[in-house]
1. Explain nothing, just compute: Karplus ³J(HN,Hα) = 6.51 cos²θ - 1.76 cosθ + 1.60, θ = phi - 60°, for every residue of segment 78-87 in order, whole Hz, x for Gly and Pro.
2. I need the peptides 36-45, 6-15 ranked by packing, meaning the mean over residues of other C-beta atoms within 10 angstrom, with the highest value on top.
Amino acid sequence: MDIVLLGLSLPRLQHLASALTQALGSVDQPAQIHIPKGTQGFAVPPAHARILLCASPLPDDIHSSWRQLLMSKGLPFQVIHGSSEELLRQCLHALLPAETASGLSRQALPVRWQGVCETCSDPDCELRLFSGLLQSR
């Protein structure tokens, strides 16, 4: 798998690339990660390469100039938001199929209720309702 990482400072991208290589290797998905030095002289990656444009709230975030360049060249890319471990986790979710990303389970969607509360006496239903309310606090 060819991956192009863009949008952050070079040291942060190198750290992310190292963590990403290790995580992908643990699930038997070897990766070749490319980190361009800057927008000047950017070579268009192969068509099968995945371009991840990382955006974070930190001041060294330079994703807007990369976004302009990618859009002007008509290249497909995916924007990944987050910082540190969350950024790594979001990259893995973007790159791997859900069944391959073992141990990286996304938060389960709440069960949508479809009944009448006044006549329902299901204890599991009440547990889900009150647990959801407590977690949202």
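1. 10, 8, 10, 9, x, 9, 6, 5, 5, 5
2. Highest to lowest by the protection proxy: 6-15, 36-45.
Each reported figure results from applying straightforward, stated rules to the coordinates on display, with no laboratory input. Computed from a predicted model, the values in this text were never measured in an experiment. Using ideal geometry, Cβ is built from the backbone for each residue, glycine included, and neighbour counts are taken over all protein chains shown.
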